[in-house]
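The values are calculated or read from the model by the stated rules, or taken from the named source; none is laboratory data. Model, not experiment: these values are computed from the prediction. Note: ideal-geometry Cβ built from the backbone for every residue, glycine included; neighbour counts use all protein chains shown. What goes into the accessible areas is simple: the full protein's heavy atoms, side chains included, and nothing from ligands, DNA or RNA. Shrake-Rupley method; radii C 1.70, N 1.55, O 1.52, S 1.80 Å.
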Amino acid sequence: MYRHLMVPLDDSALSAETVHQAAQLARALGAKVTFFHAQSDYGGSSLGALERVMSPATFNENVAGEARAVLAKAEVVARDAGVAYDSLVVTSDRPHEAILDAAEARGCDLIFMASHGRRGVQNLMLGSQTQRVLQHTTIPVLVSAVESNLAATAYALPASIIRDEHRSLAAVIHGLQHLVREARDGVVTPRIPLLRAMLYYINVFPEKLHHPKEDAYLFRRLRERTREFDDTLDELERQHAAGHQLVVELERSLDAYEADPVGGLAAFAAAVERYATAQWEHMNLETKVVLPAARKHLTDTDWAEIGAAFAGNGDPRFSVDNDEEFRQLFARIVNLAPRS
């Protein structure tokens, strides 16, 4: 039976479903997963060559790209499923060749791919890349038709976006916990700018973007369709409100930690754990109770409204620019954070 899966990923929302399916298969098989992302050679482009000279810092950031962001969210799923995992980023403008080379080098005995993606020719998950892998591979390939194998297609995209946002937040929280462990072990000196970037992300992203959309769209629509889950939704909304105070405690304890790295570490570590525990419980309740209930009770029209809101359009209260800002900030954080 298969013992090591290669899972190529791109940055599309539906890639989150590929990760979930691959993790479930790996858990059933007792197999390891290697998540893989091929990024184009930005340094070889004309814009990259100019940026290298004119703005080295911007060039370095663009070279890093969003590869680690894609893989960090996949790693969240593997950890949650209890699946052993590794991640690999390569620079290649021929993704199918990079996939096959990596699978062979890592000793993978199955390649698990989505049927297609949604981005441009340079990106990984187009159907043409899957076809090329199938044409040239000597390793078995399992193709997952991410969109068509979901019973409720209207549900697929908004649910994928919500889960993907959960995974982004979980990846940042995991990074916070990892930095605290390293500080306790004396591995690194306090990385205050990175910690502040993380706190900015978990403060503004849930408080100003993700949680308000859940309240205004997902929770409201579920209440309108059934009263069965009112107690659960009440509790989740209380947790949304309580989360703000937990973030305030994080910010205050980080100030104290910066002023006194030795004496302030314990309080900061405790605040991180309180916030992390609350968020794990919160996201688990949404994933295991609310989303399945919404899938059962909400109509296609409901999901269309929710999908439009979470995709960043259709509501003047939530800015599309903010969506992109948080996407870029998340990429910067995971590129700077040490890998655990």
Of the residues in region 289-306, those that are open to solvent by 70 Å² or more (accessible area, probe 1.4 Å) and not acidic (D, E) come to R295, K296, T301
Residue that is most open to solvent (accessible area, probe 1.4 Å), among those in region 170-188 that are of a type in the set (G, A, S) and farther than 30 Å from E286 by Cα: G186
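Of all residues in region 230-240, which are closer than 16 Å to M283 by Cβ and open to solvent by 40 Å² or more (accessible area, probe 1.4 Å)?
To start, the set of residues in region 230-240 that are closer than 16 Å to M283 by Cβ comprises 232-233, 235-240.
Selection gives E235, E237, R238, Q239.
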Selection within region 173-188 - of a type outside the set (V, I, T), assigned to a helix (DSSP H, G or I) and closer than 14 Å to P261 by Cβ: L179, E182, A183, R184
Among the residues of region 7-21, what is the count of those that are modelled with pLDDT of 95 or more and in contact with a Leu (Cβ under 7 Å, 6 or more places away or on another chain)? 0
Please enumerate the residues belonging to region 162-198 that are of a type in the set (A, V, I, L, M) and at pLDDT below 85. V187, V188
Among (1) surrounded by fewer than 18 Cβ atoms within 10 Å (Cβ to Cβ); (2) farther than 15 Å from Y257 by Cβ, the one test that P193 misses: (2)
Of the residues that make up region 67-90, is at least one in a helix (DSSP H, G or I), closer than 25 Å to H178 by Cα, among the small types (G, A, S) and modelled with pLDDT under 80? yes
